[in-house]
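Heads up, the thing below is written out as structure tokens.
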Amino acid sequence: MSSQALIDAFTEMREAEALKITNELLEQGTEPLEILETCKEALEIIGQRFENGTAFIPELIMAGEMMGQITDRVRPHIEQEAQEKKLGKVLMGTVSGDIHDIGKEVVIFMLEANGFEVIDLGVDVSPETFVEQIGETQPDVVGLSGLLTLAFGTMKETVDAIREAGLRDQVKVMIGGAPVDEHVQGYTGADAWGKDAMEAVALARQWTGGQS
Amino acid sequence: MTTTQTSKGFETRALRINDAIQLKKPDRVPIFPWFHLFPARYAGITYEEAFYDLDRWLDANEKTILDYDPDLYTQPGAPIAAAGAAHEALDNRQIKWPGHGVGPNRSFQFVEGEYMKADEYDEFLNDPSDWTIRKYLPRIYGALEGLSHIPPIKSLLAGYAGAGIVGVLAIPPVAAALNALNEAAQVSLRWNMAYAQFEQKMNGLGYPAFSAAVALAPYDLISDMLRGMRGTMVDMYRCPDKLLEAIAQVLPIQIGGAIGQAQMSGNPRIFIPLHRGADGFMSNEQFETFYWPTLKALILALIDAGLTPCPFFEGGYDQRLEYLQELPPGKVMGMFDRSDLFKVKEALGDVMCIAGGMPISLLQAGTPDQVRAHTRHMIETIGQDGGFIMSSSSVLDEADVELVRVWVEATKEYGAY
């Protein structure tokens with residue numbers, strides 16, 4: 001069994017086969033970290049497909065499912081976790097009053113597939129929590145997500161709270177979510193808005209000195 | 001259908017709307033502000049009060065309708081789902097509502113979840129009613145947990161000899177569930193009757209209501225209400241045949257439900273809020289397999305029954321317009337959110353009435369001049385040949401009171417044909 005076979009099964013969403021190949025690779029004595037590296041390559045391919053419109057949310061969800069199962073299978077065999085260099089750190093959350101997470105999950109998937117470290121604060125995150133977590137985790141970028149129109153108000157409150165805490169110059173703030181557009185960006189005082197996960201990645205790259 | 005007491009104003013507005021739906025030019029572009037919870041803020045009550053204080057909520061709606069003078073209004077029942085007291089009696093776990101899980105001035109929000117497990121497809125397919133009563137209701141309503149104790153419903157198929165089986169209904173958890181149901185039913189009946197009276201009154205004052213019934217795309221029913229988005233999307237790979245069977249199973253349920261509600265109310269418009277079919281959620285190939293065939297069948301069946309399907313294309317549908325071209329002309333009111341309306345007009349101008357045009361962001365964060373200019377631009381482009389209803393891209397819950405007024409007035413000013 002080869003790594004390429006795993007990549008093929010993974011990217012073609014053949015879940016059972018991907019797991020079977022993983023087991024065979026382990027039995028053959030393949031380094032567990034190498035298997036995870038292979039899966040990361042597969043995730044990157046799926047991320048690229050998402051970006052050019054040939055993969056969609058079902059594939060991202062299945063990729064996450066397969067990655068989780070393979071990691072669970074492989075992890076007991078790992079002696080030392082690899083330290084990898086991340087492009088930058090992004091703090092993500094759905095703002096106060098809103099409990100929608102699909103858009104945020106997709107953005108997180110794409111950021112991680114593109115080499116960013118992401119800290120996910122979950123949904124209905126208060127401005128105070130964002131401020132506290134910025135102090136604690138020192139992110140480069142803060143991503144505010146929201147689906148409901150009430151999120152415009154709480155996005156603004158969050159940006160205001162970051163400013164009042166004296167942290168506004170330390171982070172770039174991007175906002176996104178179905179009803180968000182340039183009017184909302186102006187209203188909230190965020191640095192930029194993105195219409196989809198690819199724009200979020202481009203913004204994060206631009207702000208952390210990477211190429212967009 | 002029930003006969004309703006209407007007025008000249010009602011006839012004028014209904015004709016204006018119907019002309020637009022039939023792709024004709026009415027006297028002017030109709031205006032349909034998607035009020036939803038906006039009346040609460042406009043009248044100075046909290047969203048929580050809207051859920052709990054029937055009289056004040058209806059007064060708020062009446063004031064909003066009379067002051068803004070729209071061609072269609074959204075019924076006060078729409079943003080509530082049921083009275084707060086009914087949600088409480090049932091211990092509704094599928095939503096958080098104002099004052100219960102979200103703040104007093106937040107709209108209700110759906111709690112996404114796997115309310116049907118992956119291994120329950122066969123049970124659901126074999127006997128959906130039994131599964132609904134004994135598995136589903138106890139899961140989504142905390143107060144109905146007792147229903148999980150009753151025997152299979154079909155065990156009552158025992159003639160006179162089965163009379164004793166009903167004894168099970170008196171065991172404490174079941175009795176508690178029945179009491180909770182009764183309590184929720186009493187509250188809901190009172191609210192529903194008041195809604196019906198409200199609609200009669202508005203008809204008399206000249207204002208037609210948007211719709212009286214909701215239907216879901218069969219895929220959305222399974223995805224939203226049963227398996228969750230994650231669940232259905234995984235099922236598309238792990239058990240596509242079961243998922244397709246379940247989707248086919250709920251199609252006639254959606255059709256029958258919508259036709260029944262429309263007959264009771266006399267309102268022909270059926271609201272179909274679409275969720276997972278939007279661009280970006282799935283590929284066109286997946287849309288063609290899992291989403292579109294039963295959505296199309298639903299829309300066609302409603303048209304056959306003499307009704308007007310009003311799908312809300314939430315998000316963007318720019319990649320799906322070709323499918324929508326398969327629908328018969330002049331029968332559908334398509335409500336658009338973030339689709340490119342110019343592309344929509346080009347692809348569907350001869351197919352369906354386009355409702356939309358005003359981004360909610362502009363009504364929340366724009367200026368009066370921007371709103372006026374955008375309204376005029378939409379009327380002069382998308383609306384120029386008729387078949388257009390001016391509406392907002394989403395609900396007006398958080399919209400600015402003054403900007404909404406500017407928008408409605410600008411539509412009337414620039415909208416004359």
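The values are calculated or read from the model by the stated rules, or taken from the named source; none is laboratory data. Keep in mind that what you see is a predicted model, and the values were worked out from it rather than measured. Counting neighbours? That spans all protein chains shown, and the Cβs are built from the backbone with ideal geometry, glycine included.
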Exactly one of A:Thr38, A:Thr54 is hydroxyl-bearing (Ser, Thr, Tyr), more than 10 Å from chain B (Cβ to nearest Cβ) and within 30 Å of A:Gly103 (Cβ to Cβ), and that residue is A:Thr38
Of everything in the range B:368-377 that's of a type outside the set (A, V, I, L, M) and free of Cβ contacts under 8 Å to residues at least 24 places away in the same chain, which residue is nearest to the other protein chains (Cβ to nearest Cβ)?
B:Gln370
Please state which of the following conditions B:Trp97 fails to meet, knowing it meets all the rest: (1) part of a strand (DSSP E or B); (2) farther than 30 Å from B:Pro268 by Cα.
(2)
Of all residues being in a loop (DSSP other than H, G, I, E, B) and of a type outside the set (Gly, Ala, Ser) in the range B:80-94, which is nearest to the chain's Cα centre (by Cα)? Just the residue, please.
B:Ile80
Looking at the range A:88-105 only, could you name the residues that are of a type in the set (A, V, I, L, M, F, W, C) and modelled with pLDDT of 90 or more?
A:Val90, A:Leu91, A:Met92, A:Val95
Residue count, the range A:187-212, condition of a type in the set (Ser, Thr, Tyr), away from chain B (no Cβ under 14 Å) and either under 22 Å from B:Val395 (Cα atoms) or touching a residue at least 24 places away in the same chain (Cβ under 8 Å) (or both), comes to 1
Residue match in the range B:157-180 (condition: in a helix (DSSP H, G or I) and either acidic (Asp, Glu) or within 30 Å of B:Thr46 (Cα to Cα) (or both)):
yes
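Restricting attention to the range A:87-132, which residues are small (Gly, Ala, Ser), within 14 Å of chain B (Cβ to nearest Cβ) and under 16 Å from the mean Cα position of the chain (by Cα)?
A:Gly103, A:Gly122
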Test: residue in the range B:278-289 that is away from chain A (no Cβ under 14 Å) and touching a helix residue (DSSP H, G or I) at 6+ places or on another chain (Cβ under 9 Å):
no
Exactly one of (1) assigned to a loop (DSSP other than H, G, I, E, B); (2) in contact with a Gly (Cβ under 6 Å, 6 or more places away or on another chain) is unmet by B:Ile379. Its number?
(1)
Subset of the range B:70-112 (residues that are closer than 19 Å to B:Phe35 by Cβ, facing chain A (nearest Cβ under 10 Å) and surrounded by fewer than 20 Cβ atoms within 10 Å (Cβ to Cβ)):
none
Conditions (1) more than 13 Å from chain A (Cβ to nearest Cβ); (2) under 30 Å from B:Gly260 (Cα atoms); (3) crowded, with 19+ Cβ neighbours inside 10 Å; (4) touching a strand residue (DSSP E or B) at 6+ places or on another chain (Cβ under 9 Å): number failed by B:Gly357
(2)
Would you pick out the residues in the range A:199-210 that are assigned to a helix (DSSP H, G or I) and farther than 19 Å from A:His100 by Cα?
A:Glu199, A:Val201, A:Ala202, A:Leu203, A:Ala204, A:Arg205, A:Gln206, A:Trp207
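For the range A:1-22, give me the residue count where each residue is under 19 Å from A:Glu79 (Cβ atoms) and either surrounded by fewer than 17 Cβ atoms within 10 Å (Cβ to Cβ) or modelled with pLDDT under 90 (or both).
Summing the residues that are under 19 Å from A:Glu79 (Cβ atoms) and either surrounded by fewer than 17 Cβ atoms within 10 Å (Cβ to Cβ) or modelled with pLDDT under 90 (or both) in the range A:1-22 gives 0.
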Does the range B:375-395 contain any residue that is surrounded by fewer than 23 Cβ atoms within 10 Å (Cβ to Cβ), basic (Lys, Arg) and over 22 Å from the mean Cα position of the chain (by Cα)?
yes
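A quick yes/no check of all residues on (1) assigned to a helix (DSSP H, G or I); (2) of a type in the set (Asp, Glu); (3) not assigned by TED's automatic domain parsing to the domain that holds A:Arg168:
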position	(1), (2), (3)
A:Gly97	no, no, no
A:His100	no, no, no
A:Ile108	yes, no, no
A:Glu128	yes, yes, no
A:Gly135	yes, no, no
Output the residues belonging to the range A:169-180 that are buried (at least 18 other Cβ atoms within 10 Å of the Cβ) and not β-branched (Val, Ile, Thr).
A:Lys172, A:Met174, A:Gly176, A:Gly177, A:Ala178, A:Pro179
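Could you check the range A:165-186 and list, in sequence order, the residues that are in a helix (DSSP H, G or I), in contact (Cβ under 8 Å) with a residue 24 or more places away in the chain and out of contact with any Ser or Thr (no Cβ under 8 Å at 6 or more places or on another chain)?
A:Gln170
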